[in-house]
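A.B. asks: One structure is given below, represented as structure tokens, and several questions about it will come after.
What follows is calculated from the coordinates using simple rules that are stated; it is not laboratory data. It should be emphasised that the depicted structure is a prediction, and the values quoted were computed from it without experimental measurement. Note that we place each Cβ from the backbone using ideal geometry, even for glycine, and neighbour counts take in every protein chain shown.
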Amino acid sequence: MYAIIDVETTGGQARYERITEIAIVLHDGNRVVDTFSTLLNPERSIPWNITRLTGISDEMVADAPKFYEVAKQIVQMTEGAVFVAHNVAFDYSFVREEFARLGFTFTRKQLCTVRLTRKVFPGLASYSLSNLKQHFGIRAARSHRALDDTLATVNIFERILAEQEGDTVRQFINHGIKETKLPKNITLERLHEVPEVCGVYYLHDEKGDVIYVGKSLNIRKRLFEHFADFSPKGEKLRNGVSDISYEATGSELVALLHESAEIKRLQPQVNRAQRTRNFAGGIFTYLDQGGYRCFAVGKRTARNAQHLDLVADYPKVDSARMHLQSVVRQYELCYRLSNLDASDHACFHYSIKKCRGACIGREAPETYNERVEEAMLVLNKRLSGNYLIIEQGRTEAEKAVVGVQNGAYVGYGFVDHQDGFISAEDLLEALSPPLIQDPDAARIIRVYIEGRKSAQIIKF
């Protein structure tokens, strides 16, 4: 199926301008099967020179739908179809950018009728749409109006199909990225074999060794992004990659956990920064002679580990100190007992009524320590309790399960939920223990849960 498309816009740069009109004609290779066209409110003024060119004015689009109002119809009409346009890079970039503003990734195979006509009808003075209409005697009511230009492109496309075998046309289909941007052993066809699913992917060198591990909600889309990236990292990947493999997970949390563990296990050369995480700073706690629970900030050394209880770790000591200051202030704890004030007697914050006087014995240890325990819950980045996190699995009939037992991550698994209720015991049995102990697993789970208040959690 071919979706032959034309757009009119407020200007020439997709990143900064907007669509004022769009037309789509669906063609099955033999005939037109559906048509859609509409003016669009670009939510900005149309420059006078554009109005002069297209005839589309601010007054004409004032009551027209905005792009988001027709986005679903555009997706449905173009799903599984090749995006065809005369100078496809222009029209495709505008449609893709409009979807990007909505937070949606629009990816379609592309076919340019300019390139095709140059191949099929060589020797013409110009391959602009207006010249081709004149050359072929195509009558169109208006130029630079979306539907009229689309119908003219349909006419040209049908002439191309009449002259050429289908294989010739298919050779000109751009699958979303130029062949020249791909690693030498990766074809467009191979990329399009990769599904648009959530999971973990592996990039292999010519020896088969994994040089990069990544996670994505859409593996195919992420691979295209990698190979269109001309940063030093992108170049390194492109030069080193010879093969691709992947594992679907369905669940983003499972993908995050699996990616982190695989990087630690395989040590891929391009994932250098993620191989290990060095948390040099820490917040510690201890009881003083008066029975007060105190805090201390410092480096995570063997000596500190021997004499102090670690509450939370941080990449830097400064990060630990800043977080402790914030929590001490929140719970009106004593700055001197938290080793944030070097005074011998009452801390400065007691004088401004931000400390309740534990530093001079005005607040009993029992009362003070209750607030310290609350503060420690905020500071403690570790997991606690026994629970299962339930997420969508790799299919609609499957659920992904992540388990935490006695505050420790114990693995993930998949269960078929078509049979109805599944007990916590059965869910636990479905878990596969991690191949390695990943120090980042607890952080990943905690951050994921905090960012998704609606996460399905079963406590046991």
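A.B. asks: Would you list, by chain and number, the lysines whose Cα falls below 22 Å from the Cα of K354, excluding same-chain residues fewer than 8 positions away?
C.D. replies: Partners found: none.
A.B. asks: What is the distance, in nm, between label points placed 7 Å from the Cα along the Cα-to-Cβ direction at M60 and at K233?
C.D. replies: Using points 7 Å along Cα→Cβ, the separation is 4.5 nm.
A.B. asks: Zone of E332 (label point 7 Å along Cα→Cβ, backbone N under 14 Å): which residues in segment 366-397?
C.D. replies: 367-372
A.B. asks: Less than 23 Å apart at the alpha-carbon level, and either on another chain or at least 8 residues along: which lysines does that give for K399?
C.D. replies: Straight-distance partners of K399: K215, K453, K459.
A.B. asks: Moving on. Report, in listed order, any pair from K207/K236; K109/K207; K66/K221 with a Cα-Cα distance greater than 24 Å. Walk me through the intermediate numbers first.
C.D. replies: Numbers: K207/K236 16 Å; K109/K207 31 Å; K66/K221 26 Å.
Violating the 24 Å Cα-Cα cut-off are K109/K207; K66/K221.
A.B. asks: Still on this model: Calculate the dipole size of segment 179-274 relative to its Cα centre from +1 charges on Lys and Arg beta carbons and -1 charges on Asp and Glu beta carbons; express the result in debye to the nearest 20.
C.D. replies: Values: 14 positive and 15 negative charges, 59 e Å.
That gives segment 179-274 a dipole magnitude of about 280 debye.
A.B. asks: Post the alpha-carbon centroid distance, segment 1-66 to segment 384-423, in whole angstrom.
C.D. replies: 47
A.B. asks: For segment 378-460, state which trypsin sites (Lys or Arg not before Pro) are in a DSSP loop and have at most 12 other beta carbons lying within 10 Å of their beta carbon.
C.D. replies: Working: sites: K381, R382, R394, K399, R443, R446, R452, K453, K459; in loops: K381, R382, R394, R452, K453.
In loop regions of segment 378-460 (DSSP not H, G, I, E or B), the sparsely surrounded trypsin sites (Lys or Arg not before Pro) are K453.
A.B. asks: Taking a cut-off of 36 Å, what percent of all Cα-Cα pairs in the chain are separated by more than that?
C.D. replies: On the way: 55271 of 105570 pairs.
Result for the distance tail: 52 percent.
A.B. asks: With r as the distance between the Cβ atoms of A342 and D243 and R0 = 45 Å, compute the FRET efficiency 1/(1 + (r/R0)^6) and round to 0.05. Spell out each step's value before the answer.
C.D. replies: On the way: r = 60 Å, r/R0 = 1.33.
Efficiency at R0 = 45 Å is approximately 0.15.
A.B. asks: Going 7 Å from the Cα of Q134 toward and past its Cβ, which residues in segment 102-128 have a backbone nitrogen under 15 Å from where you end up?
C.D. replies: From segment 102-128, the list is 124-128.
A.B. asks: Helix 67-78 sits at what angle to the longest principal axis of the chain, using alpha carbons and giving 0 to 90 degrees rounded to 10?
C.D. replies: 70
A.B. asks: Taking amide hydrogens as modeled 1.01 Å from N in the peptide plane, which residues meet the under 5 Å criterion relative to G11, leaving out close sequence neighbours?
C.D. replies: Amide H neighbours of G11, under 5 Å, 5+ apart: R18.
A.B. asks: Here is a further query. Treat each spin label as a single point 7 Å out from the Cα along the C-beta direction, and report the R118 to E206 distance in nm.
C.D. replies: 3.2
A.B. asks: Another question, if that's okay. Just in segment 1-72: which trypsin sites (Lys or Arg not before Pro) are loop by DSSP and have at most 10 other Cβ atoms within 10 Å? Write down the numbers at each step before the final one.
C.D. replies: Values: sites: R15, R18, R31, R44, R52, K66, K72; in loops: R15, R18, R31, R44, K66.
Counting only loop positions with at most 10 other Cβ atoms within 10 Å, the trypsin sites (Lys or Arg not before Pro) in segment 1-72 are R15, R31.
A.B. asks: Given segment 238-326, what whole percent of its Cα pairs are spread farther than 21 Å? Intermediate values should be presented prior to the final figure.
C.D. replies: Numbers: 2135 of 3916 pairs.
Tail fraction, whole percent: 55.
A.B. asks: Here's a follow-up. Going by average Cβ density within 10 Å per residue, which order do the peptides 362-374, 296-308, 214-226 take, highest to lowest?
C.D. replies: On the way: 362-374: 15.6, 296-308: 13.8, 214-226: 19.5.
Ranking the peptides 362-374, 296-308, 214-226 by packing returns 214-226, 362-374, 296-308.
A.B. asks: Relative to a virtual label point 7 Å from the Cα of E43 in the Cα→beta-carbon direction, which members of segment 5-29 show backbone nitrogen distances below 17 Å?
C.D. replies: Those under the cut-off are 9-11, 14-22.
A.B. asks: Given H placed on each backbone N at 1.01 Å, which residues far from V311 in sequence or on other chains put an amide H within less than 5 Å of it?
C.D. replies: Amide H neighbours of V311: I283, F284, T285.
A.B. asks: In nm, give the distance between the simple-model label positions of H417 and R190, each being 7 Å from the Cα along the Cα-to-Cβ direction.
C.D. replies: Going by the 7 Å Cα→Cβ label model, 3.7 nm.
A.B. asks: With just the Cα atoms defining each centre, how far is segment 228-275 from segment 67-146? Give it in Å.
C.D. replies: That distance is 35 Å.
A.B. asks: While we're on this one: Name the shape class, rounded, prolate or oblate, that the alpha-carbon gyration tensor gives for segment 179-274, where a ≥ b ≥ c are the square roots of its eigenvalues, rounded holds for a/c under 1.5, and otherwise prolate holds if a/b is larger than b/c and oblate otherwise.
C.D. replies: Numbers: a/c = 1.73, a/b = 1.21, b/c = 1.43.
Note, shape of segment 179-274 comes out oblate.
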